[in-house]
1. Report, by residue number, each residue of the range 363-377 that is of a type outside the set (S, T, N, Q) and touching an Asp or Glu at 6+ places or on another chain (Cβ under 9 Å).
2. Yes or no: the range 268-276 includes at least one residue that is surrounded by 13 or more Cβ atoms within 10 Å (Cβ to Cβ), within 23 Å of Arg96 (Cβ to Cβ) and among the small types (Gly, Ala, Ser).
3. Under 9 Å between Cβ atoms, which residue pairs at least 6 apart in sequence (or on different chains) link something in the range 309-322 that is over 24 Å from Gln5 (Cβ atoms) with a partner that is of a type in the set (Val, Ile, Thr) and not in a helix (DSSP H, G or I)?
4. Mind checking which residues of the range 303-318 are surrounded by fewer than 19 Cβ atoms within 10 Å (Cβ to Cβ) and either of a type in the set (D, E, K, R) or within 19 Å of His190 (Cβ to Cβ) (or both)?
5. For Ser172, only one of the following conditions fails: (1) within 30 Å of Gly69 (Cα to Cα); (2) of a type in the set (S, T, N, Q); (3) assigned to a loop (DSSP other than H, G, I, E, B). What is its number?
6. In the range 291-344, what residues are among the basic types (Lys, Arg), under 30 Å from Cys275 (Cβ atoms) and outside any loop (DSSP other than H, G, I, E, B)?
7. Got a number for residues in the range 180-224 being among the small types (Gly, Ala, Ser) and buried (at least 19 other Cβ atoms within 10 Å of the Cβ)?
8. Looking at (1) in contact with a strand residue (DSSP E or B) (Cβ under 9 Å, 6 or more places away or on another chain); (2) more than 15 Å from Glu175 (Cα to Cα), which is the one condition that is false for Trp346?
Amino acid sequence: MSANQDIDLIKQYAPILWVHEHDAFLPEDCEIMEQVAVIRKSNAKTEPFKLNQLGDLTESENYYMDIPGIDYDKFIIKSGHNGSELGPDCLSTFFRKKYANNPVSEPEARKPFPKYHARTSDMKVTFRDDEPFSRYFENRDPGVFGNYKVIQYYFYYIFNDSWNKHIGDWDSTLELFIKEDNSRGYAIFHMHHVSWMVEFNGRPQKLTNWIEHWRKVEDKKQMGSIYHLALHPFVFIARGAHGGYPTPGFSIHGLKPLVLNVIAQTDCRQIGKICIFPDYHPITKGVIEDKLKDAQIDTSKIRFIPWEEPIILDQQSWLKYKGLWGTKSKYNGWGGPTGPAQKPYWRMDQRRFKSALGDAVKGEYKGKWILKIFENWHGWR
């Protein structure tokens, strides 16, 4: 596939993001970090950097990005901050005041230039006699086997403003799997340590019918579906935490060690407030508003923000950087994340696809092992 074909495919399915009105941080070009951060290795001297230099660092896994003036071990803002000087909340106040890019949430915010980072690849789902997945689908749905075009969309946020506060956030990742003959498609949404696969059938739907189906999905052990306009999927972003979901509503995340249920956070998502969208035919503000009005969703306060041109990931030398896109922290979940190429889902292989689809057809949208989702609620009222 040529570079132009690659971009055309990425833009053909570019997502429509719904962001919470009180989230101060919208997705943007990760290049912002070379403007505001320094890089360091252990206790060595901090240095300014350029993204195109990151891939040349030796032992880059030992590096991390830091924003001067913040002590992350003691949660102290050391200079230039009016307000509380101690504790996690002061980090949130500091970052919202200085680095916010959502003018709806923060009137003095930077002007938003929302961007997504994307790449494509090819994948073949093969039949194997010795595999439970293949035996399950052989008679029930053999059309799942075949060649797919895979598109991954990655989003970068300068700050995670949930229960855990950390610099840098590569979250909300969306993966689309489009069969070569366009007969079917699937999507994987990523929210923290959990991912959901849903059906992407390409058929137009009413929002009300679609959300009613989702309210029955887990109880009836069914597979959920994506909502889209002209093949552009709706993605709903959790306030502050930036997990990407196929529905508005909320989810309660937590830990389940032994018999205990320990709530870690709740992910709240909105529709009808902030819409980041591909501003080109056939998608328009009017088309989006009409779909929401048909579902009796208030559209009077929607802020529409168009996507900037996408960043094609496979052309970026900084992908070789294995270090953190934020500072280190001795507290789990409070340190910066690694970049896209270090994510376990960077490699688009059929093993992960089969595992995700096997869960989805059973309506498994709660997560596994210790990290769980205790409750999902889908809807806008």
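The values are calculated or read from the model by the stated rules, or taken from the named source; none is laboratory data. Because the structure is a prediction, the values reported are computed rather than measured. As a convention, Cβ positions derive from the backbone with ideal geometry for all residues, glycine included, and neighbour counts pool all protein chains shown.
1. Quick first cut of the range 363-377, residues of a type outside the set (S, T, N, Q) only: 363-375, 377.
Gly363, Glu364, Tyr365, Lys366, Lys368, Ile373 - these are the residues of the range 363-377 that are of a type outside the set (S, T, N, Q) and touching an Asp or Glu at 6+ places or on another chain (Cβ under 9 Å).
2. There is at least one residue in the range 268-276 that is surrounded by 13 or more Cβ atoms within 10 Å (Cβ to Cβ), within 23 Å of Arg96 (Cβ to Cβ) and among the small types (Gly, Ala, Ser).
3. Short answer, once both residue conditions are applied: Tyr321/Thr338; Lys322/Thr338.
4. Arg303, Glu308, Glu309, Pro310, Ile311, Asp314
5. (3)
6. Keep residues of the range 291-344 that are among the basic types (Lys, Arg), which gives 291, 293, 301, 303, 320, 322, 328, 330, 343.
From what's left, under 30 Å from Cys275 (Cβ atoms): 291, 293, 301, 303, 343.
Residues satisfying the conditions are Lys291, Lys293, Arg303.
7. Step one: list which residues in the range 180-224 are among the small types (Gly, Ala, Ser), which gives 183, 185, 187, 195, 202, 224.
This time we only want the ones that are buried (at least 19 other Cβ atoms within 10 Å of the Cβ), so: 185, 187, 195, 224.
Of the residues in that region, 4 qualify.
8. Result: Trp346 passes all but (2).
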